[in-house]
Amino acid sequence: MEKVVADLQIPDVMWLPLVRNPTVWPNGTLTQGDLGTVLSHKKAIRDFLSRPDGGRMLVFEDDVQATMPLDALAAILPEIEHVPANAAVYLGRCWSHCWMDTATKSPWIVGTPHSSCTHALALGRQAAQALLAQPANQPIDDMLQALVADGRVDAFAFKPGLFRQDQTRFATSSGTLRADKYTQDCKPGYVRYQGIAIAAALAAVILGLVYRTWRAIQ
């Protein structure tokens, strides 16, 4: 990750260690790794908001991996200026409802009302403040997703993602290790079911037209 940041020439980078806390929120569903991740994000956000300058912060978790060469990343990343400065922007995402995406002025960025994963994220000050204000009683991914669903944070995503999460590296610390090495941007099951629903609706329309035509000629 250090090499990626250096090659992209990102200024004012502060490296923060993972905050480890053995206490799990008593009424939540957090593992110790989940809670450590939430506290690490909050610590970084708190430091960002303490500085009067800087419109956005970039957050990279320890299992992030670039999806393209660094020169391509450096050329595409400035597209982020096409979205509102206070929004949250997923530089990579997973298990998202991609059929709900909406177009923006940038061919690389979409509006997203339902995305997940925070392994690579850009936060404007308003989004950062909203995230910091939430209690640490759920994973950071779910926390941001809830803020977006409630309309308190506007969210966008690079499509395809610029970074992905390598599940074989550090995900075991939060108990999220899956059989597949990399998380997928879009939730495939929902996409499949949506396709079936669309096909069924079209079939119903066609059958209705056929029936009305048959009745008309009787």
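The values are calculated or read from the model by the stated rules, or taken from the named source; none is laboratory data. It should be emphasised that the depicted structure is a prediction, and the values quoted were computed from it without experimental measurement. Note that we place each Cβ from the backbone using ideal geometry, even for glycine, and neighbour counts take in every protein chain shown.
More than 20 Å from residue 66 (Cα to Cα) and either modelled with pLDDT under 70 or loosely packed, with under 15 Cβ neighbours inside 10 Å (or both): does that describe residue 207? Taking the combined requirement at face value, the residue satisfies it.
The set of residues from the stretch 123-136 being in a loop (DSSP other than H, G, I, E, B) and either buried (at least 16 other Cβ atoms within 10 Å of the Cβ) or hydroxyl-bearing (Ser, Thr, Tyr) (or both) comprises 134, 136.
So that you can scan it fast, the table gives a plain yes or no per residue for (1) in contact with an Asp or Glu (Cβ under 9 Å, 6 or more places away or on another chain); (2) under 23 Å from residue 188 (Cβ atoms):
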residue	(1), (2)
48	no, no
72	no, no
83	yes, no
86	yes, no
95	yes, yes
110	yes, yes
113	yes, yes
117	yes, yes
155	no, yes
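Just one residue in the set 129, 138 is modelled with pLDDT under 85 and either in contact with a Leu (Cβ under 9 Å, 6 or more places away or on another chain) or not basic (Lys, Arg) (or both); that residue is 138.
For the stretch 163-182, filtered to residues that are part of a loop (DSSP other than H, G, I, E, B) and among the hydrophobic types (A, V, I, L, M, F, W, C), the residue that is modelled with the highest pLDDT is 170.
So is residue 160 more than 10 Å from the chain's Cα centre (by Cα), in a loop (DSSP other than H, G, I, E, B) and closer than 21 Å to residue 188 by Cα or not? Yes, satisfied. Screening residue 42 on (1) surrounded by fewer than 15 Cβ atoms within 10 Å (Cβ to Cβ); (2) modelled with pLDDT of 90 or more shows it passes everything except condition (1).
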